[in-house]
Structures are given as C-alpha cells and as structure tokens.
Amino acid sequence: MSKFKKDGGRPTPAINTSALPDIVFMLLFFFMVATKMRDKEMKVQTQLPQATEVEKLEKKSRLHYIFVGPPLNESFGTTPRIQLDDAFATIDDIQQYITLKNNEKDEKEIPFMTTSLKADKTVKMGIVTDIKQELRKVNALKLSYTASKEVKD
Amino acid sequence: MASRRRDIPEINAGSMADIAFLLLVFFLVTTTMDIPTGLQVALPPISEEPPEDSKQKKREVLEVLVNAADQLLVEGSPLTIDKLQQKTVDHLTNEGKDPTLSTTSTTAIVSLKNDRGTSYDMYVQVYNELTAAYNRVRDDYSMQQYGKKYTELDPQRDKDKIKEVKKKYPRKLSEAEPVSIGAQ
C-alpha cells in the first residue's frame, strides 16, 4: 500500500473559494483603469505608420477622430474613404462634423480640442491635405497624425 | 442571546465570483489597451489674402520636397531619409558657419512641401525626422545650459528654462500650400 494513501474514509474538505471574488474583482478593476472603451466600429482599414517622436494624447474627451483608409468591406472598393463616427463621409462633411462636435463641448475646451487623424499608411497625401484644409477652415488647428511608437533596435 | 445570534444565516458568496467574472469578461471585450499616440501638429490659421512675399533670405530656409514617388529633395539635391535629421540639425545649429545654411538658430526655417501623390507613410516619416531634429537640438541646448534634457524639464518648475530653449530654437516648420504635379 502506498505511504500517502489515507486509511480512513474521511471525505476531503471543500476548498475555500471565498477569496476568489476578491481576486477577480482586483483583475476587473485593473482592466477598468488600464483600458478605455472601444466605442467606434471601424469601417476603414487603418494600418498606422510608425514614428519615433510620438507624444501621448492627453485627454480622450478632447479628441475628434477622423479615419481615412481603404474600406474593410471590399464591396466598397479599394479607394481610400473617410470615416466620421460610424459612417463613411466625404470631404465636405468634415466642417459640419467638427462644428457639431464642438457645439457639444464646453466653450472653454474648444481651443484645446485636438483632431486625431488616423490614416492608413498607403493613403496618398492628397486626401490628407484636403482634410487639413477643411480643418483650417473651421479653425480646428490642433492636429495629431496618429502613429504607433517605433521601437529602435 | 447567543442562540439568536446563531440564527443569522451566512450569505452564500459562491456565485459572487461568477458575477465578477462576467463583468471582467465584459470589460475585456469592450475595451482596448492602447493609449493614442501621435505626431502633434499646429496648423496655421487660414487667411483669405494671398501669402505675402517672403522676406526670408534663401539661406535661412531649408527646403524639403517630397515628390509623388516618395523621393526626397533637400535644398535642390536628392537625399535619403536617414540623412534628413542630421541635415536639419546642421541647418538649425549652423550659426552662420556654412554660407548655404542658416545664420542664426532663431531665424532658421524648415519648409516642407509635398505632392498630392506622396504616400502618407513617407510624409509621416519625413515629418518625424524633422520633429526629431528639433527635439534633438533642443535637448542638446538644454543639456548644455541646465544639465537636463528638454523633454525632462518640468513644465511647472522649469517654465523659464523651457521658454528660453524655445526662444533659442523656435519651431519654424512651415508647410507650403498644396500643389498637384504627380499622379494622385
């Protein structure tokens, strides 16, 4: 007979799991603090360019997003399109979009509003230049070319 | 008394973990980890009047051109992207030594012009190199003056130092109005 085998028919005690919720809650709070909500459904592909001099954007509430890239759904073709919120848009919609979004904000915040331009690597500068011109027309002068941090090796 | 206290039943917390797991999974699915990062740009305000003739002397301006084939032309001669940063640093810190580059750092201008057919990737790379050049000269100057990198200066305590560095190396990166030459 094995040395470790218990001779008695005593049942094994139940594992105490009362601390399990605490552990899970800890994990939960970590994720709540460290992440942000995904609130937009992407309709265009945006593979970001890489850059070494990127800066973190301070406040998420002070951002407008403009996405540019080839549509993810191939039935819309491959020409780069602009996406504002959850829908495709044209270059003429940008002025109205920024104005509408600014109206929701506190007036004091408007000069600090940054436009985050998320454009695909393959996009040509023509469309980007047009967007920049539109932004200048509505006086949204803070722009950020969204890029991922390049790791130097 | 003792017997009554024993009557309070223990709350079963066994399913608490399930609820917490459910919440955890919800947050895992709906959130993203990445903090948005990007190259910050300040666009010039738009004006109706045509731009006035530049009074800047040619030597103060470092002309950077990117064509539709993503080729780089700096001061009239082709250059590879990895040499652009050094060239810009040389221009900014020239202080009148080289007769083709700027006279002082405060008057030095970098002019960036791109074509409508330039790829966004190339443009960001060029912009990144120019920004890197500005950051480098500012870092070096700050290191020399205060023994601390410009990026490490405290925005509250070292306000004057930051102002001083910015005054010495103002970020004069001008972008030309768009033109269309190459194919879109």
Original post:
Can you name the condition, by its number, that B:GLU95 falls short on among (1) surrounded by 13 or more Cβ atoms within 10 Å (Cβ to Cβ); (2) on the phi > 0 side of the Ramachandran plot?
Top reply: (1)
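Here are B:MET16, B:MET1, B:MET33: which of them is closer than 23 Å to A:ALA119 by Cβ, at pLDDT below 85 and not acidic (Asp, Glu)? Let's see the steps before the verdict.
Numbers: B:MET16 fails: closer than 23 Å to A:ALA119 by Cβ; B:MET1 fails: closer than 23 Å to A:ALA119 by Cβ.
Sole residue among the options that is closer than 23 Å to A:ALA119 by Cβ, at pLDDT below 85 and not acidic (Asp, Glu): B:MET33.
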Subject >> Cross-chain or 6+ apart pairs with Cβ under 7 Å, segment B:94-113 first and free of Cβ contacts under 8 Å to residues at least 12 places away in the same chain, then buried (at least 17 other Cβ atoms within 10 Å of the Cβ) >> reply: B:GLU95/B:SER105
Original post:
Just checking, which of A:GLU150, A:GLU53 is in contact (Cβ under 8 Å) with a residue 12 or more places away in the chain, closer than 23 Å to B:THR131 by Cα and charged (D, E, K, R)?
Top reply: A:GLU150
**OP:** Determine which single condition B:GLU75 fails, assuming it passes every other condition in (1) more than 30 Å from A:GLY69 (Cβ to Cβ); (2) surrounded by 15 or more Cβ atoms within 10 Å (Cβ to Cβ); (3) out of contact with any strand residue (DSSP E or B) (no Cβ under 9 Å at 6 or more places or on another chain).
**Re:** (3)
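Identify all residues within segment B:58-71 that are touching a strand residue (DSSP E or B) at 6+ places or on another chain (Cβ under 7 Å) and either without any contact (Cβ under 8 Å) to a residue 40 or more places away in the chain or away from chain A (no Cβ under 14 Å) (or both); write none if there are none. First the steps, then the outcome.
Going through segment B:58-71, the residues touching a strand residue (DSSP E or B) at 6+ places or on another chain (Cβ under 7 Å) turn out to be B:60-68, B:70-71.
Of everything in segment B:58-71, those that are touching a strand residue (DSSP E or B) at 6+ places or on another chain (Cβ under 7 Å) and either without any contact (Cβ under 8 Å) to a residue 40 or more places away in the chain or away from chain A (no Cβ under 14 Å) (or both) turn out to be B:GLU60, B:VAL61, B:LEU62, B:GLU63, B:GLN71.
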Subject >> Positions within segment B:93-119 being in contact with a helix residue (DSSP H, G or I) (Cβ under 6 Å, 6 or more places away or on another chain) and within 12 Å of chain A (Cβ to nearest Cβ), in sequence order >> reply: B:ASN114, B:ARG116, B:THR118
Subject >> Flag for A:ILE127 being under 21 Å from B:GLY117 (Cβ atoms) and more than 12 Å from chain B (Cβ to nearest Cβ) >> reply: no
Subject >> Hey, A:ALA119 touching a residue at least 60 places away in the same chain (Cβ under 8 Å), closer than 19 Å to A:LEU141 by Cβ and either within 12 Å of chain B (Cβ to nearest Cβ) or surrounded by fewer than 12 Cβ atoms within 10 Å (Cβ to Cβ) (or both) or not >> reply: yes
**OP:** Would you be able to say whether some residue in segment B:139-158 is under 30 Å from B:ILE46 (Cβ atoms) and in contact (Cβ under 8 Å) with a residue 12 or more places away in the chain?
**Re:** no
Original post:
Which ones in segment A:15-74 are hydroxyl-bearing (Ser, Thr, Tyr), at the interface with chain B (Cβ under 9 Å from one of its Cβ atoms) and out of contact with any Ser or Thr (no Cβ under 8 Å at 6 or more places or on another chain)?
Top reply: A:THR17, A:SER18, A:THR52
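The values are calculated or read from the model by the stated rules, or taken from the named source; none is laboratory data. Bear in mind that the values here come from a model prediction, so they are computed numbers and not experimental data. Backbone-built Cβ (ideal geometry, glycine too); neighbour counts: all protein chains shown.
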